[in-house]
Amino acid sequence: MANPRVHEIASEIGVDSKVALAKLKELGEYVKSPSSTIAPPVARKLRAALEADDRAARDVADQVAREVAR
């Protein structure tokens, strides 16, 4: 498997490349630009982190919608 680029993973998840770069920095991974390649284990870690953030954001949005509907 070839090393994926940061922007490819970001587009798979549906987030901006800047968000992916910020998440990599938060995870302790240094990446210079969205066109940089990352190792498969780092790519899996990034996907998991971005998907977890997306799930958390959707949960909060659902909770707010329920409270507004009351």
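Numbers for the structure displayed
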| item | result |
| --- | --- |
| Enumeration of residues in region 1-10 that are in contact with a strand residue (DSSP E or B) (Cβ under 7 Å, 6 or more places away or on another chain) and buried (at least 17 other Cβ atoms within 10 Å of the Cβ) | P4, R5 |
| Qualifying position, being surrounded by 12 or more Cβ atoms within 10 Å (Cβ to Cβ) and at pLDDT 95 or above, among I13, I38 | I38 |
| Any hit, region 37-54, residues being touching a residue at least 24 places away in the same chain (Cβ under 8 Å), not aliphatic (A, V, I, L, M) and not in a helix (DSSP H, G or I) | yes |
| S17 vs. criteria touching a residue at least 24 places away in the same chain (Cβ under 8 Å) and small (G, A, S) | no |
| Unmet requirement for G28, which otherwise passes all of (1) open to solvent by less than 60 Å² (accessible area, probe 1.4 Å); (2) part of a loop (DSSP other than H, G, I, E, B) | (1) |
| Sole exception among (1) open to solvent by less than 40 Å² (accessible area, probe 1.4 Å); (2) part of a helix (DSSP H, G or I); (3) of a type in the set (S, T, N, Q) for S33, by number | (2) |
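The values are calculated or read from the model by the stated rules, or taken from the named source; none is laboratory data. No experiment lies behind these values; they were computed from the predicted model shown. Positions of Cβ are backbone-derived with ideal geometry, glycine not excepted, and every protein chain shown enters the neighbour counts. Side chains included, ligands, DNA and RNA excluded: accessible areas come from the protein's heavy atoms. Shrake-Rupley method; radii C 1.70, N 1.55, O 1.52, S 1.80 Å.
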